[in-house]
Amino acid sequence: LEEVVLRRALGALVLIAIVTGVALATPVPMLALTDGVTSRAVWLDDGDRYVYAYVSSVYEAPVDERHLRSNDRLRITSVRSTDLRAVEYFRWDGEIRRVGDGYEQDAPRNQTRRLEIRVTPRYRQRLVGTRWTVDLAESFGDGIVLVTAERLPILSALLRGWRP
């Protein structure tokens, strides 16, 4: 009887180890950020949106760039600011609309594999998703941060600071 219990316990442990290994190796959709020293990862499904929010260095006005993950690429879909000049700065074709206390404009079709953001703490740069916010200066300091849409194994995402 003892031997049967021991075999079942060992079998259960092996099964748990296999399931855990597979779970940790399973790729999941993430937005990965790195400055080459520090790395962060946040969950971002295909089709999910997030905002790159900052203060314009030219007009000292708040700007919200609305971004979308699509087919493992990133797209800016529109921009919003309370200062018309900060929207005009993008020089996109198309109408700038007055919406509430601000101005908005849709972006032309675009996509990229990565964004390169020059972080300067005084411009209060952050990425804001549905369930997360990354303050870029707080996370990376002053410098260049690369942002990419990736599919990372859960273990790798955990090592990059993702918290479920």
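Can you tell me which residue in the stretch 110-158 is least open to solvent (accessible area, probe 1.4 Å), limited to those that are charged (D, E, K, R) and under 20 Å from A61 (Cβ atoms)? Give the derivation first.
To start, the set of residues in the stretch 110-158 that are charged (D, E, K, R) comprises 113-114, 116, 118, 122, 124, 126, 131, 135, 138, 142, 150-151.
Adding the requirement that they be under 20 Å from A61 (Cβ atoms) leaves 118, 122, 124, 126, 135.
Numbers: R118: 127, R122: 147, R124: 152, R126: 93, D135: 59 Å².
Step by step, filter the stretch 110-158, then rank; the result is D135.
Only residues that are over 22 Å from the mean Cα position of the chain (by Cα) and open to solvent by less than 70 Å² (accessible area, probe 1.4 Å): list them for the stretch 60-81, please.
Once the filter is applied, which keeps residues that are over 22 Å from the mean Cα position of the chain (by Cα) and open to solvent by less than 70 Å² (accessible area, probe 1.4 Å), the stretch 60-81 yields only A61.
For the stretch 39-69, enumerate the residues that are at pLDDT below 95 and among the polar types (S, T, N, Q).
Matches in the stretch 39-69: S39, S57.
Looking only at the stretch 15-31, decide whether some residue is modelled with pLDDT of 95 or more, crowded, with 16+ Cβ neighbours inside 10 Å and out of contact with any helix residue (DSSP H, G or I) (no Cβ under 6 Å at 6 or more places or on another chain).
yes
The values are calculated or read from the model by the stated rules, or taken from the named source; none is laboratory data. Everything quoted here is computed from the prediction, not taken from an experiment. Here Cβ is always computed from backbone atoms with ideal geometry, including for glycine, and neighbour counts include all displayed protein chains. Surface areas here come from the heavy atoms of the whole protein model, side chains and all, with no ligands, DNA or RNA. Shrake-Rupley method; radii C 1.70, N 1.55, O 1.52, S 1.80 Å.
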